[in-house]
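Data first, discussion second: the structure below is written as structure tokens.
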Amino acid sequence: MTTPNTESLTLQEQGQQLSILGAFASGEQFQMAMQAAEMLASSSMVPTTYQNNPGSCFIALNTALRLRMDPLMIMQNLYVVQGRPSWSGQFAIAAINACGKFSSTWFEYRNRQDFQAGVRMCAKLKNGMDVFGTWITPEMVKAEKWGNKWNTMPEQMYQYRAAAFFARTNCPEALLGLRVEGEAEDMADKSQPDIKPPLFKSKETPKGDVVDAEKVPDTPAAVGNAEVPGQGDMEVPPPHIRLMEALSCTEEELNAVFKEASGGKVDSWKKLTTAKLEDCLGNLGEMQAVLAKIQAQ
């Protein structure tokens with residue numbers, strides 16, 4: 001006989017597994033998603049990109065399941081540029097507000113009369129601490145050679161890009177690793193084919209799998225009025241950020257996965273080399289299983 005507590009735990013485990021695997025959580029879930037995708041593809045109410053396109057509908061459904069959101073809302077805010085899915089800018093802001101980490105969010109301007117002097121997104125954690133995103137400046141726009149939308153709708157683009165940078169450093173799970181409106185177009189406008197695989201370049205790292213944690217710097221984050229320098233830094237997220245995005249987990253949960261998988265030998269991603277973390281990106285299935293086990297405890 002199943003007790004109420006056991007049943008509740010089972011439902012919790014199912015919900016956590018669904019948030020990680022989505023339509024791939026089980027064979028039954030997969031078949032239901034396939035049938036729903038066929039139905040949505042036959043509807044004239046969905047955006048034209050998804051009409052008569054069950055495959056794209058299935059991907060949108062899977063994303064909706066992982067985020068626990070309405071599939072139609074996902075379809076209205078998820079579009080594809082040169083084969084790369086991207087979120088609309090307004091959805092990115094909404095996802096940050098809905099992720100549950102922050103009690104409030106706002107945009108900060110270096111000069112209220114001239115937004116192009118610099119814009120960044122800020123938020124207040126539920127414990128009262130303020131966190132800050134990267135300043136988006138005209139120097140950055142020029143150095144990165146961002147495209148036409150920055151001339152036709154600059155204030156909107158400043159806010160959208162500020163939200164994208166904020167999410168990648170403070171709540172990467174909110175975007176599921178996808179780009180935000182304008183980013184894919186800006187990448188496509190560049191002369192170099194840097195949107196083609198491999199998507200990320202690894203920096204040289206010491207030999208071996210484990211390194212001294214003190215020698216590995218923390219992820220750069222904008223604090224106070226500090227800027228994060230370096231052309232293209234945010235376009236090449238470090239592997240631990242990409243792992244958090246792929247697993248839809250926090251840094252604490254990622255550390256817990258490494259600790260569980262290593263039998264307590266590695267309790268932080270900082271103790272692994274970049275090369276080892278890159279290897280983990282190719283082994284997400286096992287990491288998802290460990291994460292689901294940890295979240296169920």
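No lab work stands behind these numbers, since they all come straight from the coordinates. The model shown is predicted, which means the values in this text are computed figures rather than measured ones. Neighbour counts run over all protein chains shown; Cβ positions are idealised from the backbone, glycine included.
If you take all other residues with their beta carbon under 15 Å from the beta carbon of residue 94, and give Lys and Arg +1 and Asp and Glu -1, the sum is -1. Subtracting the Cα-Cα distance of residue 42 and residue 153 from 0.36 nm times their residue separation leaves 36.5 nm of extension gain.
State which entries of 142/271; 126/149; 126/271; 101/276 exceed 31 angstrom in Cα-Cα distance in the structure shown. From 142/271; 126/149; 126/271; 101/276, over 31 Å: 142/271; 126/149.
Sorting 134, 48 from the fewest to the most surrounding beta carbons within 10 angstrom yields 48, 134.
Could you line up 57, 171 from fewest to most neighbouring Cβ atoms inside 10 Å?
Details: 57 26, 171 20.
The order, fewest Cβ neighbours first, is 171, 57.
Per-residue Karplus couplings for region 286-295, computed as 6.51 cos²θ - 1.76 cosθ + 1.60 with θ equal to phi - 60°, are listed in order as 5, 5, 5, 5, 5, 4, 4, 5, 5, 5 Hz, Gly and Pro entered as x.
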